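The structure appears right after this line, and notes come after that.
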Amino acid sequence: MKTFFKLYLPFFILFFMVTSCDKEELNIEESNIENTKKLQNKVAETGIVEIVHNYDYYGEKFKILYVLDTKESQIVKVDGDVQMAERIFGKEDAPQGLFFEDHKEGETAINVKVFKTNEEVDRYVEKIAGDFPKETSEQQVVKEACVDGSVNGSGTFYFYYHINYVTEMTGIRRTNKYFYKDWDLGSYNDHMSSLRVTKPWGRRAYIRLYQHNCYNGRTLNFYSPYNQTVAGAKDLRNYTLSGWWFWRKSWNDKTSSYKVWSW
């Protein structure tokens with residue numbers, strides 16, 4: 001009997017360790033699911049959600065916590081490196097371009113690169129994408145003019161009146177596009193609350209929303225890498241504007257023109 005236990009003891013130990021690890025992983029997964037449910041219940045009951053923006057302004061990094069009242073669509077509290085944010089965003093020549101890096105749909109912890117100009121945003125996208133498509137020479141001629149532009153491709157872009165992709169603005173849906181720019185949204189002006197892009201695997205997408213028509217004002221920029229086939233921003237209230245009012249104004253109902261790419 002002693003010989004039997006000596007021979008099989010290592011196997012019993014190994015079996016115990018494996019089953020213990022499985023139980024631990026299961027407990028972790030169950031814990032994460034439970035935490036998610038608790039958070040969803042809290043938001044449903046109170047309407048309050050906490051959003052963290054991790055800003056990077058040419059190497060100056062700072063963090064802001066926004067407490068959003070989703071029922072009233074208002075930021076009720078801001079905390080963190082507020083003085084630094086006010087110094088950067090509160091000046092007259094505040095940065096124009098906010099690029100939401102490593103953006104994942106529905107996340108409440110968001111990395112934001114801050115740029116003085118939209119041209120710098122384009123150069124950054126070109127750097128990370130490798131082959132960001134330049135506008136054609138014909139488009140460059142009318143780049144600043146108040147005109148639309150279109151090149152057929154493989155990306156389809158959807159825009160919505162409400163958060164969570166509810167009530168599509170069908171009049172400005174763009175289907176099978178490589179590039180599209182829309183200088184004026186007409187009756188859709190200042191009504192956008194969410195947006196989505198679909199594209200084949202292996203394709204990239206880049207979306208820029210403008211605060212004003214004719215491609216003017218501050219911008220909100222999203223990049224979707226080649227390994228995503230669907231990407232979007234399900235709630236534009238989670239994204240704040242640059243400017244002295246940065247902590248009070250979000251991008252909800254603020255879009256007046258846009259440019260989109262899929263390549």
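Read the figures in this text as sums done on the coordinates, not as results from a lab. Quick caveat, the model's predicted, so the values are computed rather than measured. Please note: Cβ atoms are built from the backbone with ideal geometry, for glycine as well, and neighbour counts cover all protein chains shown.
Can you give me the distance in nm between label points at K104 and R173, each placed 7 Å from the Cα along the Cα-to-Cβ direction?
For K104 paired with R173, the spin-label model returns 2.9 nm.
In nm, to one decimal, how far is the E60 label point from the N152 one, both placed 7 Å along Cα→Cβ?
Between E60 and N152, the label points sit 4.8 nm apart.
What is the gain in length, in nm to one decimal, between H212 and N189 on full extension, counting 0.36 nm per residue of separation less the C-alpha to C-alpha distance? Show your work: numbers first, answer last.
On the way: separation 23, 0.36 × 23 = 8.28 nm, distance 0.90 nm.
Between H212 and N189, full extension yields an extra 7.4 nm.
Counting only DSSP beta bridges with both residues in the stretch 48-262, tell me the antiparallel percent, nearest 5.
85 percent
Under 5 Å between amide hydrogens, which residues at least 5 positions from S154 or on another chain qualify, with H placed 1.01 Å from N in the peptide plane?
K177, Y178
Using alpha carbon coordinates only, what is the Rg to Rh ratio of the stretch 48-262, with Rh defined as the Kirkwood radius? Spell out each step's value before the answer.
Values: Rg = 16.4 Å, Rh = 17.4 Å.
A ratio of 0.94.
Give me, ordered by chain and number, the residues 5 or more places off R204 or on other chains with an amide H under 5 Å from its own placed amide H.
W263
Starting from the 7 Å offset along Cα-to-Cβ, what nm value, one decimal, do you get for the label separation of K71 and W201?
4.4 nm
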